[in-house]
1. Looking at (1) surrounded by fewer than 16 Cβ atoms within 10 Å (Cβ to Cβ); (2) assigned to a helix (DSSP H, G or I); (3) charged (D, E, K, R), which is the only condition residue 232 fails?
2. May I ask you to say which residue of 26, 60, 66, 34 is within 16 Å of ligand 2 (Cβ to nearest atom) and of a type in the set (Val, Ile, Thr)?
3. Can you work out which of the residues in segment 160-186 that are at negative phi and either among the acidic types (Asp, Glu) or free of Cβ contacts under 8 Å to residues at least 12 places away in the same chain (or both) is surrounded by the most Cβ atoms within 10 Å (Cβ to Cβ)?
4. Among the strands (runs of 3 or more DSSP E) confined wholly to segment 270-369, which include 3 or more residues that are away from ligand 2 (no atom under 16 Å from the Cβ)?
5. Hey, can you tell me all the residues within segment 213-231 that are under 19 Å from the mean Cα position of the chain (by Cα) and more than 14 Å from ligand 2 (Cβ to nearest atom)?
6. Tell me, yes or no, whether segment 292-299 has at least one residue that is hydroxyl-bearing (Ser, Thr, Tyr) and either crowded, with 24+ Cβ neighbours inside 10 Å or at positive phi (or both).
7. Across segment 187-212, which residue is surrounded by the most Cβ atoms within 10 Å (Cβ to Cβ) among those that are within 16 Å of ligand 2 (Cβ to nearest atom) and in a helix (DSSP H, G or I)?
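Bear in mind these aren't lab numbers, they're just calculated from the coordinates by the rules spelled out. These numbers were taken from a predicted model, which means no experiment stands behind them. Cβ atoms come from the backbone with ideal geometry, glycine included; neighbour counts cover every protein chain shown.
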Amino acid sequence: MKIERLEILHLRLPLVHFFETSFGRVHDHEVLIVRAESEGVPGWGEVPASAAPRYSYETVHTAWHVIRDFLAERLRGREIAGPGPISELFAFVRGHNMAKAGIEMAVLDLFARAQGKPVWQVLGGTREEIETGISLGIEDSVPDLLKRVEDSVAKGYRRIKVKIKPRWDVDVVAEIRKRFPKVPLMADANSAYTLQDADHLRRLDEFDLMMVEQPLAYDDYVDHAKLQAVMKTPVCLDESIRSYDDARRAFELGSCRIINIKQARVGGPYPAKMIHNLSKARGAPVWCGGLLETGVGRAHNVALATLPGFTLPGDISASERYYAEDVIDPPVAVTARGTIEVPRGPGIGYNVVERRLARYCVRRELVLS
Ligand code: OSB
Ligand code: MG
């Protein structure tokens, strides 16, 4: 199969409620939507980078540049045997995993549609329903957060993740535990601490958290290993794991016991599957993280989470958790059981609504034709 057309759309969508992490607060989100086409069949992918290089050095602007000026050209006239080899084709560009992932997702969706199969089946997924959790940002006050925890539990979410940072951590978690003694709970620091905070972080051990996510530097394995050695709570890595080899290093050094797999962060669905395979072989649980994806990326996350090693609820919440109107139809919905029913239709299994893409689109360009 040859990819005959590749188009990128830069979208800006308002969030229904601000989202605050240790990096700061955002009120809207920017992503690139990637549309690939072969013999009239489209395939959709997403680059969920934001406007600023905070979570990652990538932004929608760097991804635009890398796709348009380097990656798209590699597809020209080339026979592609499947979505898997895309990673090798793009290996000549160092990093820029989100840009690569957007294309790989689009090619995977295209292949799946061409075969009349769902993406999750093509990937090798086995679940028809996935369990999901929700990620709750830092709020103006603890009562505001408790209200959001309460709403999320009432909606059925299977675990609650809260964002922490210095001075919004142990006391906040203690309050949540007091009100919700049994709820599966975890905390994500997005690299807000250093090893000097180890004694403070150990205070989290008394709250029976499922894990603490990315407490230390985004590029560190050594200090995380030292922290894990003195903490009872499992350490989960997010930002630090950009590849299969990173996952291998982290496991070998004891830097984490759990990995949050985000296909955008690791370069696409196939690299994500490789990390899943490694974790599964080592008996380490994984779960599917998110980056405030619109429906396109969210649908790809649903598909990824059907792989058998995704044994913990992920951050794949309902579309309505972030967006009043999603770009797919129907939107991703969460059942009262805190699950998402995996769609059976071809490709990502949701319809991409072009009219809605146009509503949020700030620029678009055909980068391969
Ligand atoms: O660290 O997991 C993270 C959102 C943006 C950037 C980083 C992270 C997050 C989330 C939300 O926690 C995940 C989601 O609901 O999409
Ligand atoms: Mg995280």
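1. (2)
2. Numbers: 60 fails: within 16 Å of ligand 2 (Cβ to nearest atom); 66 fails: within 16 Å of ligand 2 (Cβ to nearest atom); 34 fails: within 16 Å of ligand 2 (Cβ to nearest atom).
Selected residue: 26, the only one of 26, 60, 66, 34 that is within 16 Å of ligand 2 (Cβ to nearest atom) and of a type in the set (Val, Ile, Thr).
3. Restricting attention to segment 160-186, the residues satisfying the condition of being at negative phi are 160-166, 168-186.
Narrowing the set further to residues that are either among the acidic types (Asp, Glu) or free of Cβ contacts under 8 Å to residues at least 12 places away in the same chain (or both) leaves 169, 171, 175, 178, 181-182.
Numbers: 169: 24, 171: 11, 175: 15, 178: 10, 181: 10, 182: 8.
Filtering first and then ranking leaves 169.
4. Numbers: elements: 286-288, 339-341, 361-368.
The strands (runs of 3 or more DSSP E) meeting that bar are 339-341, 361-368.
5. Across segment 213-231, the qualifying residue is only 219.
6. Let us first name the residues in segment 292-299 that are hydroxyl-bearing (Ser, Thr, Tyr), namely 294.
Then keep just the ones that are either crowded, with 24+ Cβ neighbours inside 10 Å or at positive phi (or both); that gives 294.
Yes, segment 292-299 contains a residue that is hydroxyl-bearing (Ser, Thr, Tyr) and either crowded, with 24+ Cβ neighbours inside 10 Å or at positive phi (or both).
7. Residues of segment 187-212 that are within 16 Å of ligand 2 (Cβ to nearest atom), as a first pass: 187-193, 201, 204, 209-212.
Now restrict to residues that are in a helix (DSSP H, G or I): 201, 204.
Working: 201: 24, 204: 22.
Looking at residues that are within 16 Å of ligand 2 (Cβ to nearest atom) and in a helix (DSSP H, G or I), I get 201.
To keep it simple, each residue is scored yes or no on (1) basic (Lys, Arg); (2) within 18 Å of residue 160 (Cα to Cα); (3) within 12 Å of the chain's Cα centre (by Cα).
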| position | (1), (2), (3) |
| --- | --- |
| 255 | no, no, no |
| 258 | no, yes, no |
| 272 | no, no, yes |
| 279 | no, no, no |
| 331 | no, no, no |
| 337 | yes, yes, no |
| 343 | no, no, no |
